[in-house]
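The values are calculated or read from the model by the stated rules, or taken from the named source; none is laboratory data. Remember, predicted model here, so these are calculated numbers, not experimental data. Please note: Cβ atoms are built from the backbone with ideal geometry, for glycine as well, and neighbour counts cover all protein chains shown. Only protein heavy atoms, including side chains, enter the accessible area calculation; ligands, DNA and RNA are left aside. Shrake-Rupley method; radii C 1.70, N 1.55, O 1.52, S 1.80 Å.
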Amino acid sequence: MKKLFSLLLLLATFTGLAQIQKAEPPFWWRGMHNPELQIMFYGKDIAKYTPSVSNNIVITNVVKTENTNYMFVTIDTKNIPASDFTFSFKDKNKVAFTYKYSLKQRKAKSAERESYDASDMMYLIMPDRFANGNPDNDTNKSLNEKADRNNPGGRHGGDIEGVIKNLDYLEELGVTALWSTPLCEDNDKGYSYHGYAQTDVYKIDPRYGTNEDYVRLSAELKKRDMKLVMDYVTNHWGAEHWMYKDLPTYDWVHQFPGYSQSNYRMTTQFDPNASKTDARQCMDGWFVPSMPDLNQSNPLVLNYLTQNAIWWIEYADLGGFRVDTYSYNDKAGIAKWTKAITDEYPYFNIVGEVWMHDQAQMAYWQKDSKIAAIQSYNSYLPSVMDFTLHDALGNVFNEDKSGWDSGMQKVYDNFTNDFLYPNINSILIFAENHDTGRFNEIYKNDFNKYKMAMTILATVRGIPQLYYGSEIGMAGDKGKGDADIRRDFPGGWKGDTNNAFTKAGRTAEQQKFFELTSKLFTWRKGKDVIHQGKMTHYLPDNNVYVYFRHNDKESVMVVVNNSNESRTFGTARFAENLKGYTAGNDVITGKNVSVTGDITMEPKSVLLLELK
């Protein structure tokens, strides 16, 4: 009888595996800040069954939707030890099938994990275009798009293994945090390489590798004191997502009914005069037809996204998030999502893409914004991206004369509004990213202009972010399409004639760009005066901009001559910052420069002086 019972139980378990096609999250951890866990079970007509669970675990809620293929079961994990337990699903009081679930032990001090901050330099890669470490996974039979490196907008084969094999390169460059565009499965028929139309958010795209490979990448980074930053997408999924093909609820995505495109007017999120229809069109409209817009005001959707984000942090030992299209989300929903994550991980940094061109509007989205507080809103978002500095860096070095609002005055003016941000040291600063014009294309690979921009990024407040390839002079014309600003990194593919991952393989021009970048950001690593010091700047004079970063222990003087002529200027004007200092060592050239008299600078040049 006992053997028969065991056989029946085993049969029920196998039946459950057939009946339950998916259970998400696939497993969880004990000792979380929020002990409630909502598991989504998916399978044919699963809603007709009644769930129960072993080990004296309490089911606190069961939600069945209009789609009978879904069941959302909430359990209380408080005081439950790490263990395996079994869900039973009954039909008319008879167990029809069972499902084994696991509660795992968390890593020690997981909740207190360190995240990226102003001491870091973040490097952004598009993994498909970075390096192909495993050619065997370039194409996958189960996925639509096949590898075709001859197609500029196609899959080129870069993968996680390629990143791991080149971590020494990143370390030499001065990178301390790695942001990769999304790596989860994107099964679009074309242009799937960018990863923003995800089709399974619990699974790494097989063309990049496996979930285990992603965990290994994180571990390899940690060995080098580097952090892995996941690009998380809360606003939308791809139209090929398995759930979109069988929606749990009609309102899982925004419907009008069906498709309606966003108006992209993010100001409607806080404009007190905005019409409700315009505000709805911004938040609820789809980004593009292939990206269904997720409804974060639906509690099931919001909880699904929250648990998925926490699952990846815990599973892959992540060191931060970058959140795509943050300000297109439902305002209330995305604030709850962000708070839930930072409640679970108090030191976890999340930077949101708020692509706006006004500092007050960007600062609105940072945690504890006094501007947002006027409307009784708090996003709880620790960091935003400094798009106004990006805007200035994208044209200022072609402005040889300084006017009321041109030349280096643009850069100066950007910092005059720093008071608007609740935490100015925790904003992401950059000259370009995967969606913008390439810096070296805009400036035609002018090394002096690159040097000025990188020196600024390495020395002003905030968290500097570098886009892959800039450090070797890579360019690309956005006017030709996104593929041109997302070119393959030279040397990342077998047979590449130019291997820029090694000094021996770089051209003289590539080495010149690399050496400067590496020197700046390696130097920056140990400079608390840059990470947290105060900034004092002086109005630009003849297109020469001078600022200081200083604390109680040291002071750094930065001078940028953006003029197309040599400039000589006296230093008496900077007396309040030069007291006690007579000279400075130029970090870039190693030369000693007196700061007690006149300074002469070449056209389009920079000084980075450690004062002594």
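Determine which lysines satisfy two conditions relative to K48: a Cα distance under 30 Å, and not lying fewer than 8 residues away in the same chain.
Within the straight-line cut-off, K48 pairs with K2, K3, K22, K64, K78, K90, K92, K94, K100, K104, K203, K245.
When the label point is put 7 Å from the Cα of A360 along its Cα-to-beta-carbon vector, which residues of region 408-428 have a backbone N closer than 19 Å?
413-424
Give me the dipole magnitude in Debye, nearest 20, for the chain about the Cα centre, with unit charges on the beta carbon: positive for Lys and Arg, negative for Asp and Glu.
1520 debye
Express in Å², to the nearest 10, the accessible area of K223 obtained by rolling a 1.4 Å probe over the protein heavy atoms while all chains stay in place.
For K223, solvent-accessible area is about 150 Å².
Once the mean 1/r over all distinct Cα pairs of the chain is inverted, what Kirkwood radius in angstroms do you read off?
Across the chain, the inverse of the average 1/r is 26.2 Å.
Separation of region 36-109 and region 525-563 by C-alpha centroid, Å?
Using only Cα atoms, the two centres lie 57 Å from each other.
How far apart, in nanometres, would the label points at K92 and E509 be if each is projected 7 angstrom from Cα along the Cα-to-Cβ direction?
In this crude label model, K92 to E509 measures out at 7.8 nm.
Give the accessible area for L217 in Å² (nearest 10); use a 1.4 Å probe, count only protein heavy atoms, and leave out ligands, DNA and RNA.
Around 0 Å² of this residue is reachable by solvent.
Residue by residue through region 449-463, which ³J(HN,Hα) values in whole Hz follow from phi under the Karplus form 6.51 cos²θ - 1.76 cosθ + 1.60 (θ = phi - 60°), with glycine and proline marked x?
6, 4, 4, 5, 5, 5, 5, 4, 4, 7, 10, 8, 5, x, 10
Under a 1.4 angstrom probe, counting protein chains only, how are H531, H33, H537 ranked by accessible area, largest first?
H33, H537, H531
In region 168-208, which GluC sites (Glu not before Pro) fall in coil by DSSP and have 14 or fewer other Cβ atoms within 10 Å?
none
Can you run the Rg to Rh ratio on region 567-612? Use alpha carbon positions and the Kirkwood inverse-distance Rh.
0.94
Using Cα pairs closer than 8 Å and at least 6 residues apart in sequence, work out the relative contact order for region 440-537, in percent.
30 percent
Run the numbers for T596 and D435: contour at 0.36 nm per residue of separation, minus the present Cα-Cα distance, in nm.
Taking T596 through D435 to full extension adds about 53.5 nm, to one decimal.
Quick one: length gained pulling K203 to F256 fully straight, 0.36 nm per residue minus the C-alpha distance?
Extra length from K203 to F256 when fully extended: 16.1 nm.
Using the basic label-point model (7 angstrom from Cα toward the beta carbon), what is the E172 to A373 distance in nanometres?
Here the answer is 4.9 nm between the modelled labels.
Taking the solvent-accessible surface of protein heavy atoms with a 1.4 Å probe, what is the per residue accessible area of region 181-329 in Å²?
33 Å²
For region 514-612, state the semi-axes of the equivalent ellipsoid (square roots of 5 times the eigenvalues of the alpha-carbon gyration tensor), sorted largest first and rounded to whole angstrom.
20, 17, 12
Using a 1.4 angstrom probe on the protein heavy atoms only, could you order S605, S383 from most to least accessible area?
S605, S383
Using a basic spin-label model with each label point 7 Å from the Cα along Cα→Cβ, how many nm lie between N34 and D446?
5.0 nm
Pulled fully out, how much extra length does the chain show between K48 and D76, if you take 0.36 nm times their separation in residues and subtract their Cα-Cα distance?
7.8 nm
Roughly how many percent of the accessible protein surface of the chain is carbon and sulfur, given a 1.4 Å probe and a whole-percent answer?
50 percent
By the scheme Lys and Arg +1, Asp and Glu -1, what is the net charge of all other residues having a beta-carbon under 15 Å from that of Q511?
That works out to +1.
At 1.4 Å probe size, with no ligands or nucleic acids counted, give the accessible surface of K579 in Å², nearest ten.
About 150 Å², rounded to the nearest 10.
Show me the ranking of peptides 115-127, 342-354 by mean Cβ neighbours inside 10 Å, starting with the highest.
So the peptides 115-127, 342-354, ranked by packing, come out 115-127, 342-354.
Rank these by accessible area, largest first, 1.4 Å probe: V215, V396.
If we order V215, V396 from most to least accessible, we get V215, V396.
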